[in-house]
Amino acid sequence: MRITTDDVARALDKGLAHAWLVAGDEPLLAGEAADAIRARARREGFTGREVFHADRGFEWPQLLAAGQTLSLFAERRIIELRMAAPRPGKEGGEILARLASDPPPDTLLLVTCNRAERETYATAWFKSFERHGVVVQSWPVEIGRLPQWIVARAARHGLAIDPDGAQLLAERVEGNLLAAHQEIEKLALLSSGRVTAEEVQTAVANSARYDVFQLGESALAGDAARSLRILDGLRTEGAEPPLVLWAVCRELRALAAARRDAGAEAGYGRQAEKRAALLRQAVARMRGQPLGPLFRAAGRVDREVKGVARGDPWTSLTSLVAALAGALRLPPPAT
């Protein structure tokens, strides 16, 4: 069975499976899911616990031996394996598949790792967890859903955040659910129950965590305000202009390809459908607008980065991002 972190409580209510794989790169949600599994296991008498870290040089037979060794006190145990990436290799994959499909008695296997990609889904060990246990996937909360997530999370703490306050908090913590959780806990200590945008403004720090891919996608979507906020966040966090320029140029090339061929937007991995829709939206929004000025502006940024042209790359990037998002028209080349 494969579920999301939202479904963990319901899955546990139906019964405690003997093998769990928690995969995802959203630390708060993945951590809460693993905590819920451990708590349920303890309530059912799994009082022992052994933790292994599958780092470089890890000897996989240790994990198999732990499962086959009887506890000194005949206690029910949790065997927990922490992998940085879901790539256990041939030997590790065989052992994980074996433990998931043929579990030792009185043992619960809990494996945690970063996000599993499409190629991981086809591996025998992943399929073994799906078939004989539970795979829990932790997905980031997208910006469009983040205010609703904040409202629901705040309600657990007895808080009622008004829509403007939830939107403001979402902007302040975008991409950082752990920061959102911490800010909500802080608001619960400071507020009497109803939280306004003014209280959020006063109490909440700017804890947004952005990446260059969010910048490109936001610009393609035509959200100029968010795009420029992300760009400013990247600059504050110490991102290098060449990396930011690469991300913007990636979207420019994809947009140009989508204009030439409606099928060119396919093939971007797991989120291909979402990306295809985003490119179609950008093609429609920028119909009739030449892309040449944007490519020339990107070239200008590149020369400024290299010191060949005078100017501030971040200022030029601001204009380029604003133009891609539709908030600015770049002038045609001088004739």
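Only the coordinates and a few stated rules stand behind these numbers; no lab work does. Please read all numbers here as calculations on a predicted model, not as lab measurements. Here the Cβ positions follow ideal geometry from the backbone for every residue, glycine too, while neighbour counts run over all protein chains shown.
Values computed for the structure shown
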quantity: Extension gain from Lys186 to Thr202, taking 0.36 nm per residue of separation minus the Cα-Cα distance; calculated: 4.6 nm
quantity: Top positive-direction residue, dipole computed over the stretch 146-203 with Cβ charges, set Gln201, Ala170, Ala154; calculated: Ala154
quantity: Spacing of the two label points (7 Å from each Cα toward its C-beta) at Ala160 and Trp246, in nm; calculated: 4.9
quantity: For the chain: Kirkwood Rh in Å [reciprocal of mean 1/r, alpha carbons]; calculated: 23.0
quantity: Amide H contacts of Arg2 (H built 1.01 Å from N, under 5 Å, at least 5 apart or other chain); calculated: Val135
quantity: Orientation-averaged projected area, Cα convex hull of the stretch 2-138 (nm²); calculated: 7.5
quantity: The chain: relative contact order in percent, alpha carbon pairs under 8 Å with at least 6 residues between; calculated: 15
quantity: Cβ-placed point charges (K, R +1; D, E -1), dipole of the chain about Cα centre in debye, nearest 20; calculated: 900
quantity: Sequence-separation-based contact order of the stretch 212-324, relative, with Cα cut under 8 Å and 6+ spacing, percent; calculated: 34
quantity: ³J(HN,Hα), Karplus 6.51/-1.76/1.60, whole Hz, each residue of the stretch 93-101, x for Gly, Pro; calculated: x, 5, 5, 5, 4, 5, 5, 6, 8
quantity: Given charges at Cβ of Lys, Arg, Asp, Glu: the chain dipole, positive-most of Ala322, Ala54, Ala258; calculated: Ala258
quantity: Helix-derived mean residue ellipticity, 222 nm - over the chain, DSSP H n ≥ 4, -39500 (n - 2.57), to 500; calculated: -17000 deg cm²/dmol
quantity: Rounded to whole Hz, the Karplus (6.51, -1.76, 1.60) HN-Hα couplings of the stretch 213-228, x for glycine and proline; calculated: 6, 4, 4, x, 5, 5, 5, 4, 6, x, 8, 5, 4, 5, 4, 6
quantity: Full-stretch length increase - Val51, Leu178 - with 0.36 nm per residue and alpha-carbon distance subtracted; calculated: 43.3 nm
quantity: Extension reserve of the Asp7-Thr236 stretch, reckoned as 0.36 nm per residue once the Cα distance is removed; calculated: 78.8 nm
